[in-house]
Amino acid sequence: MIRNLLALVVVCVCLVRGAGLAAAETPNFVIIYADDLGYGDLGCYGNPTIRTPNLDRMAAEGMRFTQFYSASSVCTPSRAALLTGRLPIRSGMCSDKRRVLFPNSGGGIPASEVTLAEALKEQGYSTGCFGKWHLGHLPQFLPTSNGFDTYFGIPYSNDMDRLNDVGPKGRAAFLDPKVEYWNVPLMQDLEVYERPADQTTITRRYTEHAVDFIKKNKSKPFFVYLPHSLPHVPLFRGKAFENKSARGLYGDVIEEIDWSVGRVLDTLRNEGLAENTCVFFSSDNGPWLIFGEHGGTAGLLKDGKGCTWEGGMREPGIAWWPGKISPGKVSLELASTMDLYTTCISLSGGKIPQDRIVDGVDISPVLFGKGSSPRETMFYYRGTALMAIRHGAWKAHYITQGAYGPDARKREKHDPPLLFNLNHDPSERFNVNSKHPEIIKQIQKIADEHRQQLKAPPSQLEISLKK
Ligand code: MG
């Protein structure tokens with residue numbers, strides 16, 4: 001009898017410890033994604049006048065990447081890549097005719113794609129999306145049809161649905177923005193919650209939704225995707241941030257996003273979740289330079305949003321996981337938003353889809369200080385055109401083109417490609433192609449192999465809304 005009781009106690013203890021271990025091994029994930037934030041827009045990336053104490057602390061407590069890439073220089077393809085782990089050309093989420101989805105688009109993220117939210121749902125995660133989606137605004141494309149339990153946010157960019165008869169014409173409206181100039185809907189799941197969205201309170205409200213979601217779901221694993229709709233122009237910020245930043249309006253907007261990051265990290269600390277939650281911060285693409293002071297800066301990197309120079313696609317990348325990621329690390333390793341897909345699924349105990357090419361690699365060895373990045377190569381696409389390839393320190397530009405406006409009509413092919421050593425020359429100033437024919441040959445082989453296995457489905461961005 002006593003032996004049986006003892007055995008029972010041992011079994012119970014094992015079960016309880018087993019459950020505890022299992023829970024401890026299933027981390028939560030939070031991905032905070034800014035919109036059009038440049039490489040040089042944060043204090044911890046060298047900005048002299050924008051104060052970002054929360055992001056600086058996140059970097060000081062975690063890992064700051066200096067060579068972290070988005071998979072595109074514009075919104076829709078970049079977000080598709082983050083959530084599918086695949087180059088946008090593989091999912092049809094890019095186009096040479098329309099660079100992103102618009103309110104009159106009829107396409108969106110194909111049901112056949114396995115989103116990060118869907119993959120984590122398989123592992124029993126609760127999933128919430130709070131912010132700008134931009135992967136299709138029809139019901140079948142919205143977050144709640146693509147693996148998210150709940151959604152609160154705008155379905156496309158904050159400058160779409162411009163009401164042309166309200167406010168000043170053209171660019172002037174963007175440079176002195178008022179909420180009523182744009183008729184952007186704010187959605188709760190599949191319903192319009194508010195229209196036009198009050199963009200002055202939007203950063204705060206996304207944050208509150210994310211914080212509530214974390215508190216409600218703290219007893220099971222969760223995935224929070226918090227894609228802020230700012231600092232994409234038109235710029236808006238809450239009352240508490242008005243005229244606070246030495247950098248002016250743009251700085252106010254970034255400082256509110258920084259506040260939001262602080263709220264999320266404080267919530268994780270206060271709820272005892274910090275040591276079981278991996279948080280990433282990045283941006284979908286570089287700064288929108290054509291908007292002058294309303295756009296950010298890529299710092300020492302060349303150009304910005306819309307092109308395949310480094311300023312268009314290299315982004316701040318900060319990873320935070322107390323107890324797992326050693327504090328104060330700066331990583332020079334090559335990594336991409338697509339790698340977050342593969343890394344999160346792997347850490348959740350899930351399986352990476354095997355029936356398709358996934359471009360993301362597992363960067364957890366880098367995060368945990370156990371090895372180098374499996375990523376050696378980055379492909380720089382503009383629409384369906386492979387413009388440039390980075391391999392190791394070397395970047396070869398086969399085609400260069402200006403980002404927007406008259407510059408965008410200047411498309412130049414380079415044979416041999418322009419070649420830069422990004423470790424020596426991050427600003428892409430010194431073309432060294434005549435000195436390194438062997439590197440050009442090596443990168444050409446990578447391009448040929450990449451093209452051979454590439455299957456590009458029809459573009460979702462070219463489908464119009466049926467009237
Ligand atoms: Mg963007």
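The values are calculated or read from the model by the stated rules, or taken from the named source; none is laboratory data. In this text the structure is predicted, and so the values were computed from the model without any measurement. For neighbour counting, all protein chains shown are included, and Cβ atoms are generated from backbone atoms with ideal geometry for every residue, glycine included. SASA here: full protein model, heavy atoms, side chains in, ligands and nucleic acids out. Shrake-Rupley method; radii C 1.70, N 1.55, O 1.52, S 1.80 Å.
A few comments on the model shown:
- Positive-end residue, the chain charge dipole about Cα centroid, Cβ charges, pick of GLY295, ILE357, GLY238: ILE357
- Calculated FRET value between ALA385 and SER219, using beta carbons and R₀ = 41 Å, to 0.05: 0.30
- Using the Cβ-Cβ distance between ARG409 and GLU122 with R0 set to 41 Å, the FRET efficiency works out to roughly 0.35.
- As a ratio to 2.2 N^0.38 Å, the alpha-carbon radius of gyration computed for the stretch 192-249 takes the value 1.37.
- Positive-end ranking of SER112, GLY312, THR342 along the dipole of the stretch 27-375, with charges on Cβ about the Cα centre, is headed by THR342.
- Equivalent ellipsoid dimensions for the stretch 379-452 as semi-axes, Å, which come from the Cα gyration tensor, largest first: 20, 16, 11
- Probe 1.4 Å, all protein chains present, accessible-area order of HIS450, HIS436, HIS424, largest first: HIS424, HIS436, HIS450
- Overall form of the stretch 419-467 per C-alpha gyration tensor (a/c, 1.5; a/b vs b/c): oblate
- The accessible area of ILE89, taken with all protein chains in place and a 1.4 Å probe, comes to roughly 10 Å².
- Based on Cα atoms of the stretch 112-230, Rg over Rh with Rh as the Kirkwood radius reads 1.04.
- Accessible surface of the chain [probe 1.4 Å, protein heavy atoms]: carbon and sulfur percent: 55
- By accessible area with a 1.4 Å probe, ligands and nucleic acids excluded, highest first: order of GLU194, GLU412, GLU462, GLU428: GLU412, GLU462, GLU194, GLU428
- Between the stretch 186-265 and the stretch 90-165, the alpha-carbon center distance in angstrom: 18
- Size of charge dipole - the chain - debye, nearest 20, with Cβ of Lys, Arg +1 and Asp, Glu -1, no other charges: 520
- Gain on full stretching of the segment that runs from SER434 to LEU163 - 0.36 nm per residue minus C-alpha separation: 92.4 nm
- By definition, a body whose alpha carbon gyration tensor gives a ≥ b ≥ c is prolate when a/c is 1.5 or more and a/b is larger than b/c, and the stretch 257-344 fits this prolate description.
- Cross-link pairs LYS239/LYS305; LYS413/LYS441; LYS410/LYS455; LYS305/LYS410; LYS121/LYS329; LYS305/LYS351 - those with Cα-Cα distance over 23 Å: LYS239/LYS305; LYS410/LYS455; LYS121/LYS329; LYS305/LYS351
- Of GLU191, GLU61, GLU438, GLU208, the residue with the largest accessible area leads and the full order is GLU191, GLU438, GLU208, GLU61 (1.4 Å probe).
- Contact order, relative form, for the chain: 25 percent (alpha carbon pairs under 8 Å, 6 or more residues apart, mean separation divided by residue count).
- Charges were assigned to the Cβ only: +1 to each Lys and Arg, -1 to each Asp and Glu. The resulting dipole of the stretch 204-314 about its Cα centre is roughly 280 debye.
- Heavy-atom accessible surface of ARG51, to the nearest 10 Å², is about 140 Å², with a 1.4 Å probe and all protein chains retained.
- For the stretch 85-150, the convex hull spanned by the alpha carbon atoms encloses 89 Å³ per residue.
- Solvent-accessible heavy-atom area per residue, rounded to whole Å², over the chain at 1.4 Å: 41
- Structure-based [θ]222 nm, the chain - -39500 (n - 2.57) summed over DSSP H runs of at least 4, per residue, nearest 500: -8500 deg cm²/dmol
- Here the Karplus relation 6.51 cos²θ - 1.76 cosθ + 1.60, evaluated at θ = phi - 60°, turns the backbone of the stretch 154-162 into coupling constants of 9, x, 8, 5, 6, 9, 8, 6, 5 Hz, with x for every Gly and Pro.
- Size descriptor, Kirkwood hydrodynamic radius, that averages inverse alpha-carbon separations across the chain, Å: 22.7
- Charge-dipole axis of the stretch 379-452 as Lys and Arg at +1 and Asp and Glu at -1 on Cβ define it, positive-most pick from ILE440, PRO406, SER427: PRO406
- Screening the chain for whole DSSP H helices of 20 Å or more along their axis (Cα) with average Kyte-Doolittle hydropathy at least -1.0 returns 2-25, 202-216, 249-270.
- Shape call, the stretch 20-171: gyration tensor on alpha carbons, a/c limit 1.5: oblate
- Surface accessible to a 1.4 Å probe, SER219 within the full protein complex, Å²: 110
- A DSSP coil position with no more than 11 other Cβ atoms inside 10 Å describes the following trypsin sites (Lys or Arg not before Pro) in the stretch 75-122: LYS97.
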